[in-house]
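Each reported figure results from applying straightforward, stated rules to the coordinates on display, with no laboratory input. On a predicted model such as this, the values are computed, not experimentally measured, just so you know. FYI the Cβ positions are ideal-geometry reconstructions off the backbone, even for glycines, and counts take in every protein chain you see.
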Amino acid sequence: MLRAIVSKRVIDRLIREKLRQTASCEGVTALPIVWRHRLGAECNWEIPGWMGTSRAVQRCTSATAAFVESLEAQFDIADEA
């Protein structure tokens with residue numbers, strides 16, 4: 001599947017907005033996305049980590065998993081290799 005190429009800032013902004021709108025993500029922050037080598041058909045970026053209490057992060061990542069998966073299916077970032 002072909003993905004649109006967007007800047008890291010666009011994906012970061014979409015993720016931050018989703019966290020802001022999700023009640024179970026209060027006090028949780030996603031670290032800025034990073035480029036990675038493509039593994040098969042996967043996207044070429046990832047969220048390297050989350051900040052917040054472990055319980056809050058677990059609730060938030062569960063609540064936003066489908067949204068992040070939809071971003072991964074739609075978007076790539078410019079290759080840095």
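Can you name every residue in segment 16-33 that is surrounded by 14 or more Cβ atoms within 10 Å (Cβ to Cβ), hydrophobic (A, V, I, L, M, F, W, C) and in contact with a Phe, Trp or Tyr (Cβ under 8 Å, 6 or more places away or on another chain)?
Answer for segment 16-33, where residues must be surrounded by 14 or more Cβ atoms within 10 Å (Cβ to Cβ), hydrophobic (A, V, I, L, M, F, W, C) and in contact with a Phe, Trp or Tyr (Cβ under 8 Å, 6 or more places away or on another chain): VAL28, ALA30, ILE33.
Being of a type in the set (A, V, I, L, M, F, W, C), surrounded by 17 or more Cβ atoms within 10 Å (Cβ to Cβ) and more than 15 Å from ARG16 (Cα to Cα) is the filter here; which residues of segment 57-81 pass it?
Restricting attention to segment 57-81, the residues satisfying the condition of being of a type in the set (A, V, I, L, M, F, W, C) are 57, 60, 63, 65-68, 71, 73, 75, 77-78, 81.
Filter again for surrounded by 17 or more Cβ atoms within 10 Å (Cβ to Cβ), leaving 57, 60, 68, 71, 75, 77.
Within segment 57-81, PHE75, ILE77 qualify.
Look at ARG36 and say whether it is within 10 Å of the chain's Cα centre (by Cα) and without any contact (Cβ under 8 Å) to a residue 24 or more places away in the chain. Let's see the steps before the verdict.
On the way: within 10 Å of the chain's Cα centre (by Cα): no; without any contact (Cβ under 8 Å) to a residue 24 or more places away in the chain: yes.
No, not satisfied.
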